[in-house]
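S.K.: Mind looking over this structure? Questions follow.
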Amino acid sequence: RALLRYDLGGLILIPGRAPDATFDMLAQASTPVVVVDRPTRTHDFDQVTFDNRAAMREATGRLLALGHRRLLFVVRARHLIITRQRIQGMREAIRAFGGGAVAEVMECREEDELSMRLAGALSLPSRPSAVIVSNSAFAAGALRAIRRAGLAYPRDLSLLAFDEPEWAELVSPSLSVVRQPIRDIARIAWEFLLRRMQGEAEGRQSIELQAQVVLRESVVKPG
């Protein structure tokens, strides 16, 4: 609302958890908008996203191929569209595998909650052999939880994170990631916005890019 008072030429927006009120306000303001990262199906804004479902399907499939049969996906909010897409991709990979594997979802609002609950899950006899976390902050929380449980990765479990924290290759063992095409997202979002501001765009501009699953030392065959 404060930005709109300055008669913006355009806006690149990364939506929060409940963006509908902001979307409604922007639609009424007729400000050129490009939505990035989290797609919207309720408004006709230009958008640049990446295929979360395919990325999770590939990540899950590669873990299954290594021999992992108990997977845990730790998320901040199940209702977010990108989280729902990732869960769908995970379930598709499990179904395609043909049985003998299970995947659970753990929702944690904050890092402290994640560290405590994940440490508890890792202390169970039926603990997961691979943990996937939904963002960089949760990757750090997962490392603390693994230490709290008296375990070590990848000896006791494999670990993979969406996003790529700057420290992913600095920790030892190095962290496996789902690498988002951030530079391409930024470049295309800017190009979309310029075309919209200059009146050169006809119809909705939308593109879905592909992420890259990068397996490093934190993912191995289960012991």
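S.K.: All but one of (1) assigned to a strand (DSSP E or B); (2) surrounded by 16 or more Cβ atoms within 10 Å (Cβ to Cβ); (3) out of contact with any Ser or Thr (no Cβ under 9 Å at 6 or more places or on another chain); (4) of a type outside the set (Val, Ile, Thr) hold for Leu71, so report the exception by its number.
M.R.: Checking Leu71 against (1) assigned to a strand (DSSP E or B); (2) surrounded by 16 or more Cβ atoms within 10 Å (Cβ to Cβ); (3) out of contact with any Ser or Thr (no Cβ under 9 Å at 6 or more places or on another chain); (4) of a type outside the set (Val, Ile, Thr), the one that fails is (3).
S.K.: Here's a follow-up. Need a quick list: helices (runs of 4 or more DSSP H) entirely within region 109-223 having at least 3 residues that are open to solvent by 80 Å² or more (accessible area, probe 1.4 Å) and not basic (Lys, Arg). Explain how you work it out, then say what you get.
M.R.: Values: elements: 111-122, 136-148, 182-197.
Those helices (runs of 4 or more DSSP H) span 182-197.
S.K.: Related question: In this structure, is Arg70 at pLDDT below 90 and either basic (Lys, Arg) or under 18 Å from the mean Cα position of the chain (by Cα) (or both)?
M.R.: Details: at pLDDT below 90: no; either basic (Lys, Arg) or under 18 Å from the mean Cα position of the chain (by Cα) (or both): yes.
In short, no.
S.K.: Another one. Yes or no: region 29-51 includes at least one residue that is under 21 Å from the mean Cα position of the chain (by Cα) and under 29 Å from Pro222 (Cβ atoms).
M.R.: yes
S.K.: Now, a different point. I'm told Met56 meets every condition in (1) part of a helix (DSSP H, G or I); (2) buried (at least 17 other Cβ atoms within 10 Å of the Cβ); (3) over 12 Å from the mean Cα position of the chain (by Cα) except one. Can you identify the failing condition by its number?
M.R.: Against the list (1) part of a helix (DSSP H, G or I); (2) buried (at least 17 other Cβ atoms within 10 Å of the Cβ); (3) over 12 Å from the mean Cα position of the chain (by Cα), Met56 comes up short only on (3).
S.K.: Just checking, which of Thr83, Thr40, Thr31 is in a helix (DSSP H, G or I) and of a type in the set (S, T, N, Q)? It would help to see each step written out before you state the result.
M.R.: Numbers: Thr40 fails: in a helix (DSSP H, G or I); Thr31 fails: in a helix (DSSP H, G or I).
Of Thr83, Thr40, Thr31, the one residue that is in a helix (DSSP H, G or I) and of a type in the set (S, T, N, Q) is Thr83.
The values are calculated or read from the model by the stated rules, or taken from the named source; none is laboratory data. Everything numeric here is computed off the predicted structure, so don't read it as measured data. No Cβ is skipped: glycine too gets one built from the backbone with ideal geometry, and neighbour counts run over all protein chains shown. Ligands, DNA and RNA are excluded from the accessible area calculation, which covers all protein heavy atoms including side chains. Shrake-Rupley method; radii C 1.70, N 1.55, O 1.52, S 1.80 Å.
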